[in-house]
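Take a look at the structure set out below.
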Amino acid sequence: MMKQLNLRHLGYFRAVAHEGNLTRAATKLGLSQSALSVQIRALEDRLGHPLFERTQRKLVLTEAGRVALDHADAIFATGEELLATLKGENPARATLRIGALATLSRNFQLAFLQPLLERGDLHFVLRSGGAVELLAELRALNLDVVLMDRLPAAGPGPALVGHRVARQRVELFGTPKRLREGGSLPELLARHPVILPGPESGLRAEFEALANRLRVVPRIAAEVDDMAMMRLLARQDIGLAVMPAIVVRDELRAGALIRATQLSGLVETFYAVTIARSFPNPLLRPLLKARPTALEG
């Protein structure tokens, strides 16, 4: 019979992991620092993996440590669930930590999570920010996945893995009032100002190449990094917006915006970026259906 896990050791580990400091955790637990260290080492021996990296007086979770903490949180929450159930409160939940570029379409993020949204036993942690910040959190194992609209360059630390999870045709959208006369793509671009992604966007470069092929110099009404802001500006009728349909899905249904035309050959690709892990979060499996693309330095 397999020897059972010592829950006291696991509880001590959980306290240290959440505190991030052995001395503070020992004080809260009423133990000496040396005694607490012995308990953590016993758990590491039992699990067969180091749980912390000890560098410059700071404890950093290893990958095995992050997995152990997720399970420890779930295990100890089960005890609390008994009390919560009797009080009619919510049960404990599994956790998925997701980062997304602040400029990324909210509708895309929602579509990415859709396979898991109907489950009642999940806890989502959603973080938004810049690419550098989010990828650092991913490499530190504080996030399970980062959603982006381009593959990032490889950097120091664990290897990144890019999963192409969606591709959307890019189209031209505007208000019914602005588009009542219709017209071909060159005519529309010559007649109306446009709302474009910022210069750093790959989509922006593709649109400019298309306009060059059409021998049209568009009048730019706005350059916006945030897709949600592009959508709002299009609704305010300051110009025609260049974006995937998923961004303006609700406006199309309500009739606030309509399609002017497709932009031939222009697509936006959405990626879920992970790191190579020995213990990947199993909640990601139904979300990462596309074949992964390794990012080489």
Problem - the stretch 50-80, residues that are among the β-branched types (Val, Ile, Thr) and in contact with a Leu (Cβ under 8 Å, 6 or more places away or on another chain) - result: Thr62, Ile75
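Determine whether Arg167 is open to solvent by 50 Å² or more (accessible area, probe 1.4 Å) and at pLDDT 90 or above. Explain how you work it out, then say what you get.
Details: open to solvent by 50 Å² or more (accessible area, probe 1.4 Å): yes; at pLDDT 90 or above: no.
Criteria not met by Arg167.
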Problem - Pick from the stretch 235-255, criterion out of contact with any strand residue (DSSP E or B) (no Cβ under 6 Å at 6 or more places or on another chain) and open to solvent by 40 Å² or more (accessible area, probe 1.4 Å), ranking: farthest from Asp70 (Cα to Cα) - result: Asp237
Handout entry: Pick from the stretch 150-164, criterion open to solvent by 50 Å² or more (accessible area, probe 1.4 Å) and closer than 23 Å to Asn107 by Cβ, ranking: modelled with the highest pLDDT
Key = Arg164
Handout entry: Residue within the stretch 190-211 that is among the basic types (Lys, Arg) and outside any strand (DSSP E or B) present
Key = yes
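Pick out the one residue from Glu118, Glu208, Glu200 that is at pLDDT 90 or above and open to solvent by 30 Å² or more (accessible area, probe 1.4 Å).
Among Glu118, Glu208, Glu200, only Glu208 is at pLDDT 90 or above and open to solvent by 30 Å² or more (accessible area, probe 1.4 Å).
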Practice task
State whether the residues of the stretch 39-60 include one that is open to solvent by less than 30 Å² (accessible area, probe 1.4 Å), within 26 Å of Leu143 (Cα to Cα), among the aromatic types (Phe, Trp, Tyr) and free of Cβ contacts under 8 Å to residues at least 40 places away in the same chain.
Solution key: yes
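If I filter the stretch 213-228 for residues that are part of a strand (DSSP E or B) and either touching a residue at least 60 places away in the same chain (Cβ under 8 Å) or more than 27 Å from the chain's Cα centre (by Cα) (or both), do I get at least one hit? It would help to see each step written out before you state the result.
Just the residues of the stretch 213-228 that are part of a strand (DSSP E or B), to begin with: 220-224.
Those still in the list that are either touching a residue at least 60 places away in the same chain (Cβ under 8 Å) or more than 27 Å from the chain's Cα centre (by Cα) (or both) too: 220-221.
So far as the stretch 213-228 goes, yes, one or more of its residues are part of a strand (DSSP E or B) and either touching a residue at least 60 places away in the same chain (Cβ under 8 Å) or more than 27 Å from the chain's Cα centre (by Cα) (or both).
The values are calculated or read from the model by the stated rules, or taken from the named source; none is laboratory data. Being a predicted model, the structure only gives us computed values, none of them experimental. Positions of Cβ are generated from backbone atoms using ideal geometry, with glycine treated the same way; all protein chains shown enter the neighbour counts. When the accessible area is computed, the model is the full protein with side chains, heavy atoms only, and any ligands, DNA or RNA have been set aside. Shrake-Rupley method; radii C 1.70, N 1.55, O 1.52, S 1.80 Å.
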